[in-house]
Every structure is written in C-alpha cells, then in structure tokens.
Amino acid sequence: MKISNLHLELSKATEENEVGKKESMDKERDMDEINKEESEKDEKKETEDAERNKEAFIVNDVHNKEFERESRRPTTPEFSNFREENKQSENEKDKFEYFWQKESVFSQWYPSKFVVDGVEYSCAEQYMMQQKAILMDDMETADIIMALDAPNEMKQYGRYVKNFSQTLWDQHCTRIVEKGNIAKFSQNDDLKMTLFSTYPKTLVEASPYDKVWGIGLRQNDRRAWNKSTWLGKNLLGEILTRVRDKLREEM
C-alpha cells in the first residue's frame, strides 16, 4: 500500500513537473514571439528611415543638379532683369546709414543732455514730447514729461496729451524734432563727429514698427535697400540728414 501511494505521489509530481515545464516553454515561446515582433518593428522602422533619408538625398541631389544646370544655362531676359534689379538694390544699400533702437546715437532715446531756450533736456525724446504737450496747451503733461527719466515713459505720456490735434501736430512735428536734434548734436561734439562720419549717406531709421518716423522695415530686409520699396516715410532719418548737412555748413 505504501509503495502504491509512493508511486501515485511520484506520478503526480512528475505530471506537475511536466505541466511546469510546458508552462515555462509556453512563456519562453511567447517571449520569443514578442521579441521577434519588436525586432521586426525595429527593422521596419530602420528600413523606413533609410528609405526616407535616401529619398531626401535624391531630392537634394536633384535640386542641386537643377541649380547647377540653371547656373550654367544662358540667362533669360526676365532672369537678367531680376539679377540687375538685385544688383541695383545692393548698390542702393551703400547709400544709406541705417540705425534703430536706443543704443544708436541717432535714436531719440539716446542719452544726451542739451539746452534749448534755457531748459535742459536729457534726450531728444523728452524735448519732442514736451513740445508736443506745449503745442496742445497741455502744460500739466509737459511738466510731467520733464520730471521723467525714462524715454519710454516720456513717449507714453506724449501719446495721451490732452486736446491733441493730429493736423496741428503734422504741421509742426518735423520742425520740433529738427530743432531738438540740432541742439543735441551741436552741443555734444562726440555725437556730432559720429553724425558727420555718415556723410554723404542718407540716414535711415530701420524700424519695422514705425512707418512715419522710420521705414517700416528692418535693415536686413531687402526692401530696405531701395527707397522705392520702403513701407514708411523715414521722417527721422530725413531730419537727421538735414541736421548733419546744416551743421557741416556751419563749420
């Protein structure tokens, strides 16, 4: 009886062991399948990437060859005109002295003390905005502007002058800005020499945000290289050019 039970236990253990082996083999087979799928995915992705790179290389190679052919091809009248206009723009660019932002001595915001009619100003922007307020008979704002140190704040108050008349301002603004800059450059020799060094170029405020005092374009915009394609009036640049020429004549 004991032997029979022992056989049963051994048979049961053997069966359990076989089941365990089968489960282990099934798991290994499943893992092999998963690894195989992952490997196939990786290979497929690598193949796709290689194909894309190959296509990109072919496209670039075609473009480069087309460019080479175009370069060697006899130029058409239209292409010749384009190249000529481009060359003219480059030549026009050399006629201009571009500036923008407060770091430039030509900026209205550049720190520079000068006196007009017994009153000392810290920069040309302060003079311009104070005179704008006085022109509109807003003495309160004029006094506030004179008490400020930051040019951007002066400009901000100048935007909200009371009793403002655009027509009246348009009639006097260039005269006011010119008078302020004559004082600024005539009373500061270092600034005056910098201004003189731009002769005989036309000064250009290359501000992409200002189409009245600037040209509405950045300096590196090809349209900024030709006056006929400017988007703005360049009033400040024209005024500074006149100021320079007047001060040179007085020497």
Within segment 222-242, of all residues that are in contact with a helix residue (DSSP H, G or I) (Cβ under 9 Å, 6 or more places away or on another chain) and assigned to a loop (DSSP other than H, G, I, E, B), the one surrounded by the most Cβ atoms within 10 Å (Cβ to Cβ) is ASN234
Cβ pairs under 7 Å, 6+ apart or interchain, first in segment 123-151 and farther than 18 Å from SER165 by Cα and touching a residue at least 12 places away in the same chain (Cβ under 8 Å), second crowded, with 20+ Cβ neighbours inside 10 Å and among the β-branched types (Val, Ile, Thr), ordered by first then second residue, are GLN126/ILE145
Candidate set from segment 152-163 (those that are in contact (Cβ under 8 Å) with a residue 12 or more places away in the chain and at negative phi); member that is farthest from the chain's Cα centre (by Cα): LYS162
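So in segment 178-211, with the set limited to residues that are among the aliphatic types (A, V, I, L, M) and in contact (Cβ under 8 Å) with a residue 12 or more places away in the chain, which one is surrounded by the most Cβ atoms within 10 Å (Cβ to Cβ)?
Our first condition is that a residue be among the aliphatic types (A, V, I, L, M); within segment 178-211, this holds for 182-183, 191, 193, 195, 203-204, 206.
Filter once more, so that each one left must be in contact (Cβ under 8 Å) with a residue 12 or more places away in the chain: 182-183, 191, 195, 203-204, 206.
Details: ILE182: 18, ALA183: 19, LEU191: 18, LEU195: 25, LEU203: 22, VAL204: 29, ALA206: 25.
In this case the residue turns out to be VAL204.
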Any pair with Cβ under 9 angstrom, 6 or more apart, that starts in segment 232-245 at a residue that is under 17 Å from LEU217 (Cβ atoms) and ends at one that is part of a helix (DSSP H, G or I): ASN234/LYS227; LEU235/CYS173; LEU235/THR174; LEU235/VAL177; LEU236/VAL177; LEU236/ASN181; GLU238/THR174
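Every read-out reported here was derived from the displayed coordinates using simple, explicitly stated rules and does not represent laboratory data. Nothing here was measured: the structure is a model prediction, and the numbers come from that model. Here the Cβ is made from the backbone with ideal geometry for all residues, glycine too, and neighbour counts use every protein chain on show.
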